[in-house]
């Protein structure tokens, strides 16, 4: 305590708090003349400590805010303390910085007409607040726009359906049906934009690595846009350089999505003149960098908007949406698709002159496009055959959605039954065996979450059946909620038959593996999953209470870990899977399951390394099933 008293008496705290503090300290008289400032003026404002002495505080205030500040300053001279008075102070580099002062009035304490101003730099705080406000306004505008964009085609569909119900002539009927299809297509574009962005942000978007001809992709784009451009009076051309006219290894669907979006934008904003896409390639080591340049003579983009056009919910301004429509998500999706393929995108534009978007994506080269495409085609044929005979329970309350999914399953020769809510689904699962459950989320009586939790109860007969959520919710949080409820996977509405086929194929493989294992082990006891308690008994020196306590602890902890292994394997989260498998190794050692412990160590090593796969690991599935058998065997010896 003596040392602290000496510190206070010696006024060392003055140096620490005032002289060396990060805040600027001004001592000013009531007229605003500066009598003291600490060294922080150098770091924050750029002035040497003595430069501002004798100067008037108000000479450095932003002119159009001076009158308001003087009013608040005058109020401070009448009070003991004042707080949070904002102002902008001129820096040495001629810029203004946002500061905020708290004041102590010396007249009340010392009888001196002056103020101590403790000033804090709030420039970043002001920028953050402005950015938050700008983002909020952009999002509000987006929601208003998207509501209009969705309601317009829905209104068209509803109106045309009403007209169809009045038994129109065949010619009118064809017109109404075409209008419904067109409106539905427009609605699908809007929804797909939202779903694509959600898939990207949740990390669920996967890229193909297949051989494709760049010329084939560009020829398809030429077919799509040539007529549209001609009808609008715009000249559309594609120039494919010899350096890029080759077979690439990558994802042609995602490339097509990027280019369609950029060309559509160019066509939307170009009312006369031309749109030209130039494509060139440059070899870099074992890759080739393909550069796509889309140049138009359209309305252009204001210079101050060029930095925000790639942001979510953003277009150049509100009038763009009113005049041209759209979600404001197109360029956001394009940018993220390009960057996820390790590419770049840039834009140059001048109002009323035109815009140029430049996309560069690196690809590997291949010479076996024909072979790869054929293998993909044949695998899709196998996929369809591989789900034949699957026993599926379709849980869906909406009649149209149930009809759509049922028709798909019927075409694939699946055996299926339907349930209109979770309660009915549970009753059917009690009486029948199903390979997979397709579970809608929002349903009356009992929703998908409640039904799944009931099915996952250990006492339920089919508690291990794979459950795939069918959901219209697209955020990462929604997907995590599905998995947390006990579902194995999810598919987002609106889904295509191919989307459903990929998922069913994935789980049909697991079902086949499980059936093979059951056949292999039928009538036998596997030593691989039968605990050997001699080690545990030795550790406990024959104490039965100790042995039983350890077994009880393992029995209680195993189900959660086993479930986690299944979910992480289905979600391709290999690093997390390695960490989860690591957690179970000590228990396997304790139970004398040396073969399983060795397999756990091998799997941990495998999944710790980078593993790029879009399929669950068959090895992890077998390990997961061995753990289930181990748990059952362990319960018998308690």
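Assorted remarks:
- Residue in segment 411-423 that is crowded, with 22+ Cβ neighbours inside 10 Å, within 16 Å of residue 502 (Cα to Cα) and in contact with a helix residue (DSSP H, G or I) (Cβ under 6 Å, 6 or more places away or on another chain) present: no
- For segment 482-494, residues that are surrounded by 17 or more Cβ atoms within 10 Å (Cβ to Cβ) and under 16 Å from residue 564 (Cβ atoms) total 7.
- The condition (being surrounded by 17 or more Cβ atoms within 10 Å (Cβ to Cβ), farther than 18 Å from residue 22 by Cα and more than 43 Å from the chain's Cα centre (by Cα)) is satisfied by just one residue among 82, 103: 82.
Residue-wise test of (1) in contact (Cβ under 8 Å) with a residue 60 or more places away in the chain; (2) under 17 Å from residue 563 (Cα atoms); (3) under 28 Å from the mean Cα position of the chain (by Cα).
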| site | (1), (2), (3) |
| --- | --- |
| 417 | no, no, no |
| 421 | no, no, no |
| 432 | no, no, no |
| 442 | no, no, yes |
| 446 | no, no, no |
| 454 | no, yes, no |
| 462 | no, yes, no |
| 468 | no, yes, yes |
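- Screening residue 528 on (1) modelled with pLDDT of 80 or more; (2) under 27 Å from residue 466 (Cα atoms) shows it passes everything except condition (1).
- Meeting the requirement of 3 or more residues that are more than 30 Å from residue 190 (Cβ to Cβ) and in contact with a strand residue (DSSP E or B) (Cβ under 6 Å, 6 or more places away or on another chain), the helices (runs of 4 or more DSSP H) wholly within segment 31-147 are 40-45, 66-76.
- Residue list for segment 184-223, filter: in a helix (DSSP H, G or I) and modelled with pLDDT of 75 or more: 184, 187, 214, 215, 216, 217, 218, 219, 220, 221, 222, 223
- When 514, 505 are checked against the criterion of being modelled with pLDDT under 70 and buried (at least 16 other Cβ atoms within 10 Å of the Cβ), a single residue qualifies: 514.
- Flag for residue 566 being over 33 Å from the mean Cα position of the chain (by Cα) and within 30 Å of residue 209 (Cβ to Cβ): no
- Scanning segment 225-254 for residues that are in contact with a strand residue (DSSP E or B) (Cβ under 7 Å, 6 or more places away or on another chain) and part of a helix (DSSP H, G or I) yields 225, 226, 229, 243, 244, 252.
The values are calculated or read from the model by the stated rules, or taken from the named source; none is laboratory data. A quick note: this is a predicted structure, and the numbers were derived from the prediction, not measured. Using ideal geometry, Cβ is built from the backbone for each residue, glycine included, and neighbour counts are taken over all protein chains shown.
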